[in-house]
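Rule-based calculations on the coordinates, nothing more; no lab input. Source: prediction; values computed, not measured. Positions of Cβ are backbone-derived with ideal geometry, glycine not excepted, and every protein chain shown enters the neighbour counts.
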Amino acid sequence: MDTKLTALILGCLLLFVTPIMGQDADNEAVGATHLARVIVPRAIVYSDENMNSPLGYISNDRMITVGNPRKKNPDLVPMVVYGRLAFIEAKNLSYDNESVEMQSAKRGAPKEHNIDLVLAKPEEKLSKNNSAFLDLHQYGAGEGLKNIFETIDGEDKSSLQGFGLTLLHRKQHSRMLWGAGFEYSSASTSNVDVKTYLMRGILGFTPFRSPLFLIDIDGALDILPSTQVTIKNNYDTEPNGFAYGPSFHARIVFFPENTYHVFGTMGFRSYKVDRLDSFTDVNGNAITGLTKMSGANIGIGVGIEL
């Protein structure tokens, strides 16, 4: 009974601690301190031990004062930034004299540091989170495209092939990603050429990641500002259409921790097509054209961390 009452009283007293007492708590958390040198271009400083909240970074070759490694996470060491406890990864530091304690929390506050730059969204500015992917792909365009090739050349063709470039940003310590893509695709027979140019905005997430591979799932809004149909013989028009619609993709990226990657992707596209609904030959006969393109997509390629 007395123990519970004492705990209750102490709990009430903690509600009235001053900022100075809060700073003392930080000092106690830092404990014995050591002089260390930053050995990477940008050593990120975090506000929590889970490394979910970057505060900013400290530049290469800066001397800082840090505490002993954390028991909860031995890869982190504590420091004081703006009067508050913060954390930095031990692998980013080199100790000039690790055996000598600079000072003790009991004899005074450890040295306080101002980080080089406080970023509203520091992860958005770290170049290692950006990557580029170059792919070769093929996607089905459906019955409309197939009908054009069958009517004019008598060939069964309903897919387009091409190449694309995708730029992605992966948020640090987050499953979210976003980016943009650009593609060129085409299909041709002896008398018909179809060419498309595509721009894409991408939003996705990473449900699984390991040192060997990761899996991305994303959705995109695709705009095809130019969908050209060139008819080489007996037709008096060469229309240029416009298409737009959603696409969905699943991507597996191998060796995601390396600078270079290989990947494969599969997905589905569905586009509405304008200004290509019919063609006219030299005799005035109408040929059914394209009003939509939809089908499965597959691709392979290589990636690089920028």
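Quick notes
- Amide H contacts under 5 Å for Arg62: Val38, restricted to partners 5 or more places along the chain or on a different chain, H placed in the peptide plane at 1.01 Å from N.
- Other residues with beta-carbon under 9 Å from the beta-carbon of Thr189 carry, at +1 per Lys or Arg and -1 per Asp or Glu, a net charge of -2.
- Along region 219-228 the Karplus relation, 6.51 cos²θ - 1.76 cosθ + 1.60 evaluated at θ = phi - 60°, assigns HN-Hα couplings of x, 9, 9, 9, 10, 10, x, 9, 10, 9 Hz to successive residues, with x for each Gly and Pro.
- For the listed peptides 269-277, 202-210, a ranking on the average number of other beta carbons within 10 Å per residue, highest first, reads 269-277, 202-210.
- For region 126-305, the relative contact order comes to 23 percent (Cα pairs under 8 Å, sequence separation of at least 6).
- Once you reduce region 243-306 and region 153-188 to the center of their Cα atoms, the two points are 6 Å from each other.
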